[in-house]
Structure formats: C-alpha cells, structure tokens
1. Taking R0 as 51 Å, what's the FRET efficiency between Ile248 and Ser2 from their Cβ-Cβ distance, rounded to 0.05?
2. Compute the long axis of helix 286-303 from its Cα atoms, compare it with the longest principal axis of the Cα atoms of the chain, and write down the angle in degrees, 0 to 90, nearest 10.
3. In a shell of Cβ-Cβ distance under 11 Å around Cys31, excluding Cys31 itself, what net charge do Lys and Arg (+1) and Asp and Glu (-1) give?
4. Between Lys58 and Val79, what length comes free when the chain is fully extended (0.36 nm per residue of separation minus the Cα-Cα distance, one decimal in nm)?
5. Specify the residue with the greatest mean-square fluctuation among Asp182, Asp60, Asp46, computed from a Gaussian network of the chain linking alpha-carbon atoms under 10 Å apart.
6. With unit charges on the beta carbons (Lys and Arg positive, Asp and Glu negative) and the dipole taken about the Cα centre of the chain, which residue among Ala96, Leu178, Thr254 sits farthest to the positive side?
7. Nearest 0.05, what FRET efficiency do Ser259 and Asp222 give at R0 = 30 Å with Cβ-Cβ as r?
8. Report the relative contact order of the stretch 162-298, percent, no decimals, based on alpha-carbon pairs under 8 angstrom and at least 6 residues apart.
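No lab work stands behind these numbers, since they all come straight from the coordinates. Here the structure is a predicted model, which means the values were calculated and not measured. Heads up, the Cβs are rebuilt from the backbone with ideal geometry, glycines too, and the neighbour counts pull from every protein chain shown.
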Amino acid sequence: MSKKTLVLTGANGQLGKTIQKLWDAAPIHDCFHLLAFDKQQLDITDPQSIQRALNGLKVDVIINAAAYTAVDAAEESEVNAGLAFAVNERGPKNLARWAQAADARLIHISTDFVFDGTAASPYPTDARPNPRGVYATSKLAGEQAVLEALPNNTIILRASWLYSQYNGNFVKTMLRLLATRDSIAVVDDQIGAPTSTRPLSELLFNIAASENGNGIYHWSDDGSISWYDFAVAIQEEGIAAGLLAHSIPIEPITTAEYSTLAARPAFSVLDRSRTEADFACTAMPWREQLKLVIQDLADREQTH
Ligand SMILES: NC(=O)c1ccc[n+]([C@@H]2O[C@H](COP(=O)([O-])OP(=O)(O)OC[C@H]3O[C@@H](n4cnc5c(N)ncnc54)[C@H](OP(=O)(O)O)[C@@H]3O)[C@@H](O)[C@H]2O)c1
C-alpha cells in the first residue's frame with residue numbers, strides 16, 4: 001500500500017521540532033510520509049510560496065504548526081501587530097484555501113488565549129471566545145478564517161501553556177533563572193494547564209491518521225495549576241534530574257505585581273472531553289510529562 005503524505009509547516013518551532021523528532025518511532029510512520037517545511041521553505045503568509053512548495057504533490061493532511069507567538073512583542077508596534085495577523089490569520093487562511101482545492105485535511109493549532117479567562121471551570125470547545133490583545137485576537141481570526149475556507153475538512157486544536165525541550169519556553173526560562181538567580185518571583189493567580197509538545201504531537205498523529213472529527217478541539221496535559229506551582233515543580237524536578245544544584249526561594253506574586261504588555265487569561269483550563277471521546281485518548285498528569293522533558297534535558301546536558 002502506498003503511503004499518504006503529511007505536510008508540516010513551521011518545522012523549526014518547538015512543536016514542529018517535536019513532531020519531527022518523534023516521527024520515525026510513531027505508528028503513523030507506517031502509513032504516512034512526512035514532508036516538513038520551515039519558514040524559508042514554505043512561508044504561509046505567501047500563497048505563491050505555498051504553491052511552490054506543495055503544487056504537484058498529493059497531500060492528504062497538513063499540520064500547521066507555524067505561528068507568530070511573540071505575545072508581548074505583538075503589542076509593541078503596528079508592524080508587529082501586522083505580522084501577527086499576517087501569520088496567524090492570513091497564513092492559516094492561505095493554507096485552508098490550498099487544502100480546499102487539493103482535497104486535503106488541515107489540522108491547525110490554536111490557543112487558550114482566545115478566551116478572556118473569566119470562567120471558573122474548564123472551557124468547553126463551544127464556549128464564547130473573547131480574546132484580549134493582538135496575539136489572541138489574531139489567533140481567533142485564524143480559527144475563523146480556516147473554518148470559513150474549509151468548513152468540512154478542518155481540525156482546530158487549541159492547546160495551553162506549550163513547552164518542550166526545544167527553543168524558548170517557560171520551563172527552559174525557569175531552569176535558567178533557577179540556576180543563576182538567588183531568588184525568583186512567579187505569578188500565582190493565573191491558573192492553566194501545561195501542555196508538553198510530546199503528547200500533543202502524539203495526539204496530532206492520531207488525528208492525522210484518523211478520518212474522525214471536524215471543528216474545534218481542546219488539549220492539554222491533565223491538571224490545573226498556577227505558574228508559581230509550575231515553577232516550584234520545575235525546581236524540584238530540575239534538582240532531582242541533576243540540572244540544578246540546589247533550591248532557591250520562589251515567591252508567589254500577583255498578576256498586578258508582574259506587568260506584561262499583553263494581558264494573560266486568569267483562568268484558561270481547557271475541557272478536553274470532546275477530544276478524548278472522538279480520538280480515544282487520555283491526557284497524562286502534567287507532572288509526569290514535566291519529569292520526562294526535564295530528564296531529557298538532563299540526558300542531553302550529560303552528552304555535551
Ligand atoms: N507557545 C505557547 O505557549 C503556546 C500556547 C498555546 C498555543 N500555542 C500554539 O501552538 C502552536 C505552536 O507553537 P510553538 O510554541 O511551537 O511556536 P514557535 O516555537 O514560536 O514556532 C512557530 C514557528 O512558526 C514559524 N513561522 C513564523 N512565521 C511563519 C511563516 N510566515 N511561515 C511559516 N512559518 C512561520 C516560526 O519561524 P521563526 O521562528 O523563524 O519566525 C517558528 O519556527 C502555535 O499555533 C501557537 O499559537 C502556543
């Protein structure tokens with residue numbers, strides 16, 4: 001049987017790198033080829049770039065892991081805001097149009113930031129979005145553009161608090177600060193759920209290989225914590241894995257005490273029940289996933 005083709009955009013992002021790293025050992029490898037494109041090879045903001053990269057190929061599924069993710073920088077200037085909308089709204093729209101013409105399925109990654117954070121229980125997929133800030137608004141616009149251009153062949157997978165071994169993210173920033181500072185202060189009144197890119201990638205493989213599902217889905221690792229709780233756990237796991245020599249004081253602070261250009265949702269836990277039902281999957285506890293990522297970072301440090 002000939003293999004199907006899965007196209008990955010944004011291959012150099014943290015999710016893109018994780019997908020490529022896991023690919024060869026994943027069951028999907030038996031029935032799909034992976035064609036991974038970074039921004040230079042396929043710029044999603046440019047329809048001609050998409051055509052140059054993909055025309056002539058029989059593409060079955062596209063995973064769009066490309067995004068403008070500089071949440072605070074997006075607030076800094078009109079130029080940056082324009083870039084956020086180009087990448088997060090027009091980019092997915094361009095991909096959806098290409099997918100529509102090619103009869104391909106599009107799996108597009110979105111974010112908990114589409115919600116305003118005023119809820120007190122996990123957001124179901126049909127909760128009313130109310131994005132605050134440029135990045136959040138551009139991501140919601142991207143969801144809407146994709147659903148409009150490709151209504152019957154789209155999965156939008158919203159995830160929260162992404163991290164991995166790769167590139168920059170909260171876990172790696174905390175490990176650096178915990179290793180170099182005498183104390184740190186971390187926000188304790190924003191509640192969410194971390195998402196390790198490894199189980200997220202495995203879910204994406206599952207979705208790509210399945211014919212099931214359409215529309216909006218939610219994903220994160222299991223549990224709900226504050227950024228302060230996350231930092232404390234990162235320190236404990238960092239010490240256990242030998243990445244950190246000793247503990248330093250971590251002070252819980254409020255959002256009001258830590259100003260950022262872009263507002264963050266105070267509560268952004270996502271209800272995964274539709275995803276777990278349609279794709280027969282179960283999220284693992286966030287702490288187990290954190291331990292795996294920190295152990296991998298420690299193993300890599302030892303080999304350098
Ligand atoms: N990070 C989080 O905490 C978080 C939370 C929830 C949801 N998400 C969503 O999860 C997805 C993956 O995020 P991530 O953390 O893996 O992002 P990331 O590490 O910032 O990666 C995004 C990638 O997209 C590339 N890119 C930017 N503009 C592009 C363009 N015009 N064409 C093609 N590629 C382009 C970037 O390249 P350059 O770096 O060269 O610009 C980068 O390699 C995104 O949709 C994001 O919105 C992220």
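1. 0.35
2. The answer is roughly 90 degrees.
3. My count for the surroundings of Cys31 gives 0.
4. Stretched out fully, the Lys58 to Val79 stretch lengthens by 4.0 nm.
5. Fluctuation is largest for Asp182.
6. Final value for the positive-end residue is Ala96.
7. Plugging the Cβ-Cβ distance into 1/(1 + (r/R0)^6) gives 0.45.
8. 39 percent.
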